[in-house]
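Q: For reference, the structure I am asking about is given below.
The values are calculated or read from the model by the stated rules, or taken from the named source; none is laboratory data. The model shown is predicted, which means the values in this text are computed figures rather than measured ones. Here Cβ is always computed from backbone atoms with ideal geometry, including for glycine, and neighbour counts include all displayed protein chains.
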Amino acid sequence: MPYEASTPAPLPPAEAARVMADLQPPPLFCPIDPAVNPAAQRVEQRAVAWVDEAGFCADPSERAWVIATKSADFYARFAPHAGEDGLLAAVLWVYWGFAFDDARCDSGHFSHHLAEFVPMAARVQRALERPCPDAADDAYARALHDIATRFRRTATPVQFHRFVAAHRAWLAGVTWQIANQATGTMPSLEDYITMRLHSAGGEPTFAMLEIANGMEVPAAEMDGPALRALTEMAILTAALDNDRHSLTKELSRRQTGQNVYTVLLHRHAGSLAEAMHEAARLRDRVLCRFLRLRETVRPRLSTAAGCYVDGLAHGIRGNAEWGLRVPRYLSRGFTPDEPGDTPITWAEGPLDDRPLTLPTVAWWWDPEL
């Protein structure tokens, strides 16, 4: 479906924040207990030292924004019981992933040149896959190769190759996103959800749970429909939360071409405030199904699969909490603000809990799961 490809002029960060405040998005519903790994601060120190050593940040400003992702705090909420070294390996990829996303997916030269993004992404993916270094690797590929080396030391071959496949799916989703922008195509809600299940980066993020926790889920469980549905629901819930968290940043950086709100506005005329409420209802419908299916499935899972499913729940809650406080999304200037400790108001109940009928996700409500 074609749309006007030009993006609205960026708003000054403070004005973008005022726009968001005026919209008064509904509080998030998330009845999952919070948890944070006690090694988070030590892992953050080690990870920041690695970012500086890896050298993929182009300048001090880019470094400041990468550090402002608070990626150690982010993943410490996904894997609150992981050992420090396992958590560190995952956290390094999260820092790398945010940096790569900002520099080459959401903005920068490659985000506007599909024909160049595709081979660049393939070379980066190959740096993850091959065990030997390549002198031709750029800074991002070298850093990713180093992360892969760490994963190979701590993960089983099955865990590592699950992550590799998830990483490939993420880059494929980003390619679709950039193709839409290049051709002036606004996806339907069905296509947007399908794309966002990959482009949000949720697949590799959740795939690292096994590596961080040191527990391999048996294939019969991991590849079964119940865990696949739970994984996809966790990814989509977090992705829709990220669309909300990042809207201020996107309004101020001219990155509002594709998110759940622009998709809904293109499909149904209305205001941004109305789109935000419709998106919140959609998100709550997915989360309610996740919670019910998790409660049904959890008692019959193996120890490793149970740990993984608990990690999915921790990730939903952790991503929501992190996104409501992280400088990456809340800063009102051109340099990151210090993180605040503003209390979060959570919704007491969902806005909607009906099944979704979109074919791409309707199977999540299959009673046979």
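Q: All but one of (1) surrounded by fewer than 20 Cβ atoms within 10 Å (Cβ to Cβ); (2) within 23 Å of H109 (Cβ to Cβ) hold for A200; state the number of the condition that does not hold.
A: Evaluating A200 over (1) surrounded by fewer than 20 Cβ atoms within 10 Å (Cβ to Cβ); (2) within 23 Å of H109 (Cβ to Cβ) leaves (1) as the failure.
Q: Starting from the range 293-322, keep only residues that are part of a loop (DSSP other than H, G, I, E, B), then list their pairs with residues that are not polar (S, T, N, Q) whose Cβ atoms are within a distance under 8 Å, requiring at least 6 positions of separation or different chains.
A: L301/E221; L301/V309; S302/V217; S302/P218; S302/E221
Q: For G270, work out the one condition from (1) farther than 29 Å from W65 by Cβ; (2) within 20 Å of the chain's Cα centre (by Cα) it doesn't fulfil.
A: If we test G270 against (1) farther than 29 Å from W65 by Cβ; (2) within 20 Å of the chain's Cα centre (by Cα), just (2) comes out false.
Q: List the number of the failed condition for D137; all other conditions in (1) of a type outside the set (G, A, S); (2) in contact (Cβ under 8 Å) with a residue 12 or more places away in the chain; (3) surrounded by fewer than 18 Cβ atoms within 10 Å (Cβ to Cβ); (4) part of a helix (DSSP H, G or I) hold.
A: D137 satisfies all of (1) of a type outside the set (G, A, S); (2) in contact (Cβ under 8 Å) with a residue 12 or more places away in the chain; (3) surrounded by fewer than 18 Cβ atoms within 10 Å (Cβ to Cβ); (4) part of a helix (DSSP H, G or I) except (4).
Q: Let me ask something else about it. If we keep just the residues of the range 49-61 that are of a type in the set (A, V, I, L, M) and touching a residue at least 40 places away in the same chain (Cβ under 8 Å), which is farthest from A72 (Cα to Cα)? Explain how you work it out, then say what you get.
A: If we filter the range 49-61 for residues that are of a type in the set (A, V, I, L, M), which is where we start, we get 49, 51, 54, 58.
Checking which are touching a residue at least 40 places away in the same chain (Cβ under 8 Å) leaves us with 51, 54, 58.
Numbers: V51: 12, A54: 17, A58: 21 Å.
So the residue we want is A58.
Q: So, in the range 156-172, how many residues would count as being under 19 Å from the mean Cα position of the chain (by Cα) and either closer than 21 Å to R267 by Cα or aliphatic (A, V, I, L, M) (or both)?
A: Count: 6.
Q: Quick one: in the range 147-170, of everything that is polar (S, T, N, Q) and over 21 Å from W50 (Cα atoms), which residue is surrounded by the fewest Cβ atoms within 10 Å (Cβ to Cβ)?
A: Pass one, the range 147-170, residues polar (S, T, N, Q): 149, 154, 156, 159.
Now narrow it down to the ones that are over 21 Å from W50 (Cα atoms): 156, 159.
Working: T156: 14, Q159: 23.
Applying the filter and picking the extreme gives T156.
Q: Where in the range 203-259 are there helices (runs of 4 or more DSSP H), lying fully within it, with 2 or more residues that are of a type in the set (D, E)? Break it down into steps so the answer makes sense when it comes.
A: Details: elements: 219-222, 225-245, 247-253.
So the answer is 225-245.
Q: Just to be sure, is R300 closer than 19 Å to P187 by Cα and either at pLDDT 95 or above or surrounded by fewer than 23 Cβ atoms within 10 Å (Cβ to Cβ) (or both)?
A: On the way: closer than 19 Å to P187 by Cα: no; either at pLDDT 95 or above or surrounded by fewer than 23 Cβ atoms within 10 Å (Cβ to Cβ) (or both): yes.
Taking the combined requirement at face value, the residue does not satisfy it.
Q: Can you find a residue that is farther than 28 Å from D223 by Cα and in contact with a Leu (Cβ under 7 Å, 6 or more places away or on another chain) anywhere in the range 116-135?
A: no
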